[in-house]
Amino acid sequence: VIILCYIISDRIEKLVNTLASKNKELYEDQENLILAVSQIIENKSENTGQHVKRVSEYTEVLCKCLGFNDEDSWKISLAAMMHDVGKLMIPESILEKPGKLTAEEFEIVKKHTQYGKQMLETSPGELFKLSTDIAYNHHEKWDGTGYRGVKGEDTPVCARCVALADVFDALVSRRAYKEPWPPEKAYEEIVSQRGKQFDPTVVDAFVQNFDKFKDIMMR
């Protein structure tokens, strides 16, 4: 009986190791594809080239502060790099327009969340599930005044983190239509939107880690 238990135990251990290896390979494949696509996103725009990398790092900081473990924080931060993948379907003449968008142009830009969902939702794997949630929901607002009117905790927490990270980086970055804001001004704007545009707990995590946000911004 003891020998049989050892044999069974050994087989179970080998099976677990095999599954773990396959799972690692699957995550590596997803990671490599996400990094490749994010590079395409970066190369498309000279104004927002490093945007996806910074948003990814900001998001990881927020997730860790909210209590996610290192692995889950990494997964969400990697998936965050896909938040604007749908903009690949938006004309550059609109994305890089130096002036204010017309109402019609803004409606076209808003479609990038739907495009992102359509591009990602059929891809297998946990990272692409997270990417889909983020791409589709990162322009929703806590008070329900976002793109689709989704309110509060009905928006996945990963997208709520990316929503704040995305706005902060947009505010402190130069765009075709604006000069960069000082980080302290962006801080005040985000805090003023606590419970309105942004999840209060995510804003609190941002406040606690503002120095880390500034460090990432400067790098």
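Some observations on this one:
- For the range 53-161, the list of GluC sites (Glu not before Pro) that fall in a loop by DSSP and count at most 15 other C-beta atoms within 10 angstrom reads 96, 121.
- Label-to-label distance, nm, for residues given as residue 97 and residue 154 (7 Å Cα→Cβ offset): 2.9
- Legend: residue pairs 110/151; 53/151; 97/214; 75/214; 75/178, Cα-Cα distance threshold 25 Å; pairs beyond threshold, 53/151; 97/214; 75/178.
- Between the amide H of residue 198 and those of 142, distances stay under 5 Å, these residues lying 5 or more places away or on another chain, with hydrogens modeled in the peptide plane.
- Percent carbon-and-sulfur accessible area, the range 99-219, ignoring ligands, DNA and RNA, probe 1.4 Å: 51
- Packing-based ranking, highest mean first, of 73-81, 186-194, 173-181 given that Cβ atoms within 10 Å are counted: 73-81, 186-194, 173-181
- Stretch gain in nm, segment residue 111-residue 208, where the contour uses 0.36 nm per residue and the Cα spacing is subtracted: 31.6 nm
The values are calculated or read from the model by the stated rules, or taken from the named source; none is laboratory data. None of these values were measured; they are calculated from a predicted model. In this analysis, Cβ positions are derived from the backbone assuming ideal geometry, glycine residues included, and neighbour counts consider all displayed protein chains. Just the protein is used for accessible areas: all its heavy atoms, side chains included, with ligands, DNA and RNA removed. Shrake-Rupley method; radii C 1.70, N 1.55, O 1.52, S 1.80 Å.
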